[in-house]
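Worksheet for the structure shown next.
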Amino acid sequence: MGFATTQFQRIENRNHHYIHQNLEEDVFIEGEILEKLKPNRYYNNYVLELKTLQQKSVEGEVLFSIQRDTSKQELAVGDHLLLKEKLTDVFAPLNPYQFNYQDYLKKRKIFKQARSNSKGIKVLKVEEFSFQQFAERARKQIIEQLNKSGLSKDQIDLTSALLLGQKKELSKDIYNDFTNAGVVHILAVSGLHVGIILIFLNLIFRPLRKFKFGKWAAYICSLICIWAFALLVGFSPSVIRAALMFSFLNAGLIFNKKASTFNMLCLSAILMLLWDAYLIFSVGFQMSYLAVLGIISFQPLIKKRFYIKNRGGRYFFDILTVSFCAQLGVTPLIFLYFHKFPSLFLVTNLLIIPWLMLLFFIGILVIIFALLQIEFSLLYEFYGSLLDALLWIIHLVANRESFLFQNIFFTSKMMLAFYGVILFVFAFVKYFQKALLYFILISILSFQLIYAFEYYQVHKQNKFYILHQSRTTVLAEKSGYQLNVYAKNTTKIQKLKFLENFKTELAIKDMKKLPQKNFYGINETKNLLVIDSLGVYKIPKNVKADYILLTNSPKINLDRVLESLKPQQIIVDGSNYFSYVKRWKETCIKKKVPFHFTGKKGAFIIDY
């Protein structure tokens, strides 16, 4: 069934998908905005579902970007647009180890992008009901009402993230604090949020159970409310998983029938993957299910072996065990995707979870009042104080940098080996057999061997990188566990965040920032000559320049350079004028010399 579903959903097998159309020229596009994405400095970004291309019915989604300086008003979810643009490939990273947005969108079944400005689009008036549009309008109304309540921008943005599932407007500093404190999971609307709402709903609908068919009425009402909340927050994988699981769980609570949590978890995963098989690639989907799997696997075993009689102590112990088990389930994924580990996550969860329920209850009341446009200044002030206290505690913990382990070298093979260790630990704790202890030791040894092998594979790589960076030149040389970075202005190197990814992915222990040179002897057989804006090119006697790098638009006669130095290849980085790049490319084609422009082909890498 899984194979059949995947094959059915594969884009290549869907004849009406837009990728099967001629996309070489500008085309008339009609589509509907499905989702608003996080904007960048230059563009507001959206997911656009195509309806027609050249008046021909098609299906599929594209990334649609509209220039911010020309956009008079932001587009809304549900808007129908008409435009004429060329569908192009999504921009791919030009340097190694940068976040690959193109690959990320492909896993969401988005393969092309269209860019325009406000003058190039027409918003069509289409009288058509859309649940997404209804939810977007409700969120806008809530935010507008909160803006009138006297809450600060940070408080409103945090409310939008905590209760409405909209993290796009959350400041980078606040998001980093949540990540470094180990509580970023509370920003993803999930089981904690849906569970609190379910408690609230069961209290409200409990009187219905006294009547005939009251149990069914209570279940249907709670079901409608849970899925209405899921719709309001945008149907993220974590909230769909929680809504499905609690839909099954609530049926058991109302009709007094027990259900296996593990079976409910598996059933919800199967239903979601039948709906969209590509969700398996979603980091949110993976972490959501593995966190819950960690909780339902390990927490009952821990509670069974360490029972605390005191009610208050048992409450705090449950918070610790749930946090620990959830973290255990996702730790290998955190190492793989984020390469960091917040060691104070237990402390942070213990500090914030006790009053988080109060915060959610009051937050839900604030949202209800905002939807009904009821002003209650005292409630808003108290709620704002709770948010400020939450931000203060999280910032306090996040600033303890000595407890945050960063730049952790971790590969997919190591992740699988780590999960192997966790699996055998679970089996040993559950069955307590001596043979399983040997399997734990073997799995730990296997993990160590894989770790050592992966480290060795990276260590033996020696590479020279000519990186792409607009308006400047950045070179890097990796040898063993050391990375030397060359630039004219070494202070600017600190601002290049992608170099942190180099340190992580290549297991770099020492990174040196060095001034740029005009000549590099890469090894005994390969040499690089750099010709900068001065246009001077001198090389040692009896030495050949195998590669020539042109930087900062030097005014040179490239024909003469090619004749005198006879290089194997010409490389041009992002510091040059495009008119110069175009002219040099034509010269190299004429002289039949390979030409590499980092702005098109990405970083140039020399292995040695």
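The values are calculated or read from the model by the stated rules, or taken from the named source; none is laboratory data. These numbers come from a predicted model, not from an experiment. Here the Cβ positions follow ideal geometry from the backbone for every residue, glycine too, while neighbour counts run over all protein chains shown. Protein only, heavy atoms only, side chains kept; ligands, DNA and RNA dropped before computing areas. Shrake-Rupley method; radii C 1.70, N 1.55, O 1.52, S 1.80 Å.
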Condition met for S323 (under 20 Å from the mean Cα position of the chain (by Cα) and buried (at least 18 other Cβ atoms within 10 Å of the Cβ)): no
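When you look at L151, is it without any contact (Cβ under 8 Å) to a residue 60 or more places away in the chain and either surrounded by fewer than 20 Cβ atoms within 10 Å (Cβ to Cβ) or of a type in the set (A, V, I, L, M) (or both), yes or no? Break it down stepwise before answering.
Details: without any contact (Cβ under 8 Å) to a residue 60 or more places away in the chain: no; either surrounded by fewer than 20 Cβ atoms within 10 Å (Cβ to Cβ) or of a type in the set (A, V, I, L, M) (or both): yes.
No.
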Among T491, T551, which is the only one that is open to solvent by less than 30 Å² (accessible area, probe 1.4 Å) and either under 30 Å from F410 (Cα atoms) or polar (S, T, N, Q) (or both)? T551
Enumeration of residues in region 164-192 that are open to solvent by less than 10 Å² (accessible area, probe 1.4 Å), under 22 Å from V239 (Cα atoms) and part of a helix (DSSP H, G or I): L164, F178, I186, L187
Which residue pairs have Cβ atoms closer than 9 Å, lie 6 or more positions apart in sequence or on different chains, and pair a first residue in region 589-607 that is assigned to a strand (DSSP E or B) with a second residue that is open to solvent by 70 Å² or more (accessible area, probe 1.4 Å)? F595/K585; F595/I589; F597/K585
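If you take the residues in region 520-533 that are under 19 Å from L562 (Cβ atoms) and assigned to a loop (DSSP other than H, G, I, E, B), which one is most open to solvent (accessible area, probe 1.4 Å)? If you could, list the steps in order and put the result at the bottom.
Here is the first cut: in region 520-533, the ones under 19 Å from L562 (Cβ atoms) are 526-532.
Filter once more, so that each one left must be assigned to a loop (DSSP other than H, G, I, E, B): 526, 532.
Details: K526: 57, D532: 14 Å².
Checked region 520-533; the qualifying residue most open to solvent (accessible area, probe 1.4 Å) is K526.
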Could you tell me whether region 452-467 includes any residue that is open to solvent by 70 Å² or more (accessible area, probe 1.4 Å) and hydrophobic (A, V, I, L, M, F, W, C)? yes
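So, L48, is that one touching a Gly at 6+ places or on another chain (Cβ under 7 Å) and part of a strand (DSSP E or B) or not? Write out each step before concluding.
Working: touching a Gly at 6+ places or on another chain (Cβ under 7 Å): yes; part of a strand (DSSP E or B): yes.
When the stated conditions are applied, L48 passes them.
Could you please find all residues in region 71-92 being assigned to a loop (DSSP other than H, G, I, E, B) and open to solvent by less than 40 Å² (accessible area, probe 1.4 Å)?
Of region 71-92, the ones assigned to a loop (DSSP other than H, G, I, E, B) are 71-79, 86-87, 90-92.
Scanning region 71-92 gives S71, L75, A76, V77, G78, D79, L87, V90, A92.
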Mind checking whether some residue in region 297-308 is more than 19 Å from A427 (Cα to Cα) and not in a helix (DSSP H, G or I)? yes
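Limited to region 456-493, what total is found for residues that are assigned to a helix (DSSP H, G or I) and within 15 Å of N407 (Cβ to Cβ)?
Residues of region 456-493 assigned to a helix (DSSP H, G or I): 456-459, 490-493.
Right, trim to within 15 Å of N407 (Cβ to Cβ) and you get 458.
Number of matching residues: 1.
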Can you tell me which of (1) closer than 19 Å to A487 by Cβ; (2) of a type in the set (A, V, I, L, M, F, W, C); (3) surrounded by 14 or more Cβ atoms within 10 Å (Cβ to Cβ) is the one L558 doesn't meet? (1)
Take Y537 and decide whether it is aromatic (F, W, Y) and either in a loop (DSSP other than H, G, I, E, B) or open to solvent by 70 Å² or more (accessible area, probe 1.4 Å) (or both). yes
